[in-house]
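The values are calculated or read from the model by the stated rules, or taken from the named source; none is laboratory data. Every value quoted in this text rests on a predicted model; they were computed, and no experiment measured them. With ideal geometry, Cβ positions are generated from the backbone for all residues, glycine too; neighbour counts draw on all protein chains shown. We work out accessible area using only protein heavy atoms, side chains counted, and drop any ligands, DNA or RNA first. Shrake-Rupley method; radii C 1.70, N 1.55, O 1.52, S 1.80 Å.
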Amino acid sequence: MVVFIHGILSNSEIAWGEPSWPELVEREAELANASIYVFTYRTGATSHTYGISDVADILLEHLRLNGLRDLRTLVLVCHSMGGIVARRLLVANSDEFATSKITVGLFLVASPSIGSRHANLISVLSYAFKHNQFAALRFSQSNEWLNDLNGDFKSLLAGRKLRIEGRELIEDRSIALKRWFGLWRQIVEPFSAAQYFTKLGCEPLKIPGSDHFSIAKPQSREEIQHRVLMNFITNFVLQDDGEPPPGAQAERSTKLVMRPHQVVKKAERARK
């Protein structure tokens, strides 16, 4: 199973480009038998106290409904805050994942593992609007929640209780924040996006010319980030080559938040 998890203030329709990254993965013959899902969660100016832990909890429930215990492998492709959601999922539920003997592939795309100084710039707004997700993204010694998660995840990796293979992609270019804050800056700087995985062949990789948003939107199967993802899945994570579990069919029929990507696209074409 491959699950795409978007970042803050985004959703599964706009996060991955057009054609979308899940579509590009779906076209790969090596993954013909894999279930490919996109996961959308509540994030926006009005999400208020709906925090990252809440998102991780609902993601876990969707995974359970889609046959988590029947999986051999689970690949999480995470853009930006999506990587924090995934790490919270694994840390909080490590016993359940370990008992199920699932191999987890964690593919982090410009994810602020220890926070973002960009989030610091709007921290006043996060408190004014009681926006828990933005508050959790701050790069600060006082951000105990994120710092604890960072430490707990490193301990999970070191303890080897759960098999986790990973790769981290780093954005290359700054974006224009000048009109608001008088500066240009990368949203997620390299020191925050390269924290966990240094295994030979899986070192952190800066994607040339990418910014925080374009890095998650490869335009073709030939672009480097897509090729790296496919190499990661096929060489470092054993494929789940079985049929989708019975629970997946119920997810298709009800069109819940996490749903098979190809079914969503067919439904959209039918409405046009």
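Considering only the range 1-47, how many residues are more than 19 Å from G83 (Cα to Cα) and open to solvent by 10 Å² or more (accessible area, probe 1.4 Å)?
The total comes to 14.
Please list, ordered by first then second residue, the pairs with beta carbon atoms under 6 Å, 6 or more apart or interchain, first in the range 145-162 and under 16 Å from D95 (Cα atoms), second of a type in the set (F, W, Y).
L162/F97
Looking only at the range 146-191, filter to residues that are open to solvent by 20 Å² or more (accessible area, probe 1.4 Å), part of a loop (DSSP other than H, G, I, E, B) and acidic (D, E); which one of those is modelled with the highest pLDDT?
D172
Restricting attention to the range 48-55, does a residue exist that is open to solvent by 10 Å² or more (accessible area, probe 1.4 Å), within 19 Å of S111 (Cβ to Cβ), of a type in the set (D, E) and over 12 Å from the mean Cα position of the chain (by Cα)?
Yes, because at least one residue in the range 48-55 is open to solvent by 10 Å² or more (accessible area, probe 1.4 Å), within 19 Å of S111 (Cβ to Cβ), of a type in the set (D, E) and over 12 Å from the mean Cα position of the chain (by Cα).
From the residues in the range 65-84 that are part of a strand (DSSP E or B) and hydrophobic (A, V, I, L, M, F, W, C), which one is farthest from A110 (Cα to Cα)? Steps first, answer last, please.
Going through the range 65-84, the residues part of a strand (DSSP E or B) turn out to be 73-79.
Of the ones still in play, those that are also hydrophobic (A, V, I, L, M, F, W, C) are 74-78.
Values: L74: 20, V75: 17, L76: 14, V77: 11, C78: 8 Å.
Filtering first and then ranking leaves L74.
Inspect all residues belonging to the range 78-96 and state whether any of them is touching a residue at least 40 places away in the same chain (Cβ under 8 Å), open to solvent by less than 20 Å² (accessible area, probe 1.4 Å) and over 19 Å from L146 (Cα atoms).
No: zero hits.
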